[in-house]
Amino acid sequence: MSEYQYYEFLAIDRPLDAGEMAELRAVSSRAYITATGFVNHYDWGDLKAAPLDWMERYFDAFLYLANWGTQEFMLRFPRRVLGLDTVAPYCGGDAAFAEVRGDAVILGFTSEEEPGDDWDDGSGWLSSLIPLRADIAGGDHRALYLAWLLCAERGEFGDDATEPPVPPGLGKLTAPLKAFADFLRIDGDLIAVAAERSLDASDEANSVQDQDLEPWLAALPEADKTGYLVRLAAGDGLHLRAELLQRYGRERQIPEAGAAPGARSVAALLAAAKARAAERQRRAAEAEARERARREREEAERRARYLDQLAAREAETWREVDALVAAKLPSDYDRAVRLLGDLRDLGAREGRTAEVAARIGALQGRHARKSSFLRRLEEAGLAQTVP
């Protein structure tokens, strides 16, 4: 297969109607199209439409994967739920962008890397990433910060550019956030360094407490509460939680998540990530060296025990070698050569190297016409120079 491209779109806030599904079918005759999605892959050619336009008109989420290493992910939010001013500090590059389309804000994330050896057809990724939409709408900005790290890692900001507010909980990513980082191939060391300034997600100053939320809801104007309930009953409740939490945060003046003095520069973050990677690799190399030494020590002990046993039956082993070579079978030649190697090692351990070499030379002379056996001796480094 010379190329492969995978496209998947998902409608969340509302299903597609028959007319919209017909419009999509006109673009692709072989795609899998339902009232909530569009899935297709191409071995030749590509989608004859702009994904960003489809996100504006039909869908709330999009995922794209190509076998040459391009991977994209988009999410659409109603502007009343997620304002451009909220995401702009995080999504200001090419790898992570925010764009207003009509009454929606569309976030786009792109990763460009040489593909590895593992084959990935793209299926399954979008379902693992979809929970991020509700999380972002609800005020969890960890995915946005990870997107900013992606841009920083790709060199899209100057060295002196400083990080946006670090959201709480960055040191303990949820499964969708881990999938997000994996899909966009964000450096794990960079994430770990960034998380050093992240408060715990359960920190009281940055979380909504039930005991605080209940009296706040009770104190809302009756007209507002009625409006919320009417929207919920009418089926417009998908984003009510996000809107309520945003209003709660504004009115209670909950501090910006993770806001802290001394924001780090891109250069500092990248340098710290590089240092962490070097330290991690050093520790891994030391651990590997210790493990290798342990295996070698165990092998040496095992070998020593075997040679002890061989010393007790050395004469018998020489007779077995003679019998094996005389049998003229390839498998017997192999065993004979292995035993000769053991006898050589035993002789070296006991200071009888010359004696063993002489015996191997004599054996070699007696069977000088057995080329297959002689070749095996040569390959094993056991052949002797026979006068």
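The values are calculated or read from the model by the stated rules, or taken from the named source; none is laboratory data. The model shown is predicted, which means the values in this text are computed figures rather than measured ones. Neighbour counts run over all protein chains shown; Cβ positions are idealised from the backbone, glycine included.
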Mind telling me which of the residues Glu299, Glu291 ends up being closer than 24 Å to Glu379 by Cβ, assigned to a helix (DSSP H, G or I) and modelled with pLDDT of 95 or more? Glu299
For region 42-61, enumerate the residues that are touching an Asp or Glu at 6+ places or on another chain (Cβ under 7 Å) and under 12 Å from Glu8 (Cα atoms). Asp60
Which ranges mark the helices (runs of 4 or more DSSP H) fully within region 330-387 that have 3 or more residues being within 18 Å of Leu310 (Cα to Cα)? 330-349, 353-366
Find all pairs meeting these conditions: Cβ atoms under 8 angstrom apart; at least six residues apart or on different chains; first residue within region 100-111 and within 10 Å of Leu75 (Cβ to Cβ); second residue among the β-branched types (Val, Ile, Thr) and loosely packed, with under 14 Cβ neighbours inside 10 Å. Ile106/Val100
Within region 159-170, is there a residue that is without any contact (Cβ under 8 Å) to a residue 12 or more places away in the chain, assigned to a loop (DSSP other than H, G, I, E, B) and surrounded by fewer than 21 Cβ atoms within 10 Å (Cβ to Cβ)? no
Condition test on Glu99, is it over 24 Å from Asp187 (Cβ atoms) and either in the same structural domain as Met21 (by TED's automatic domain parsing) or in contact with a Lys or Arg (Cβ under 6 Å, 6 or more places away or on another chain) (or both)? yes
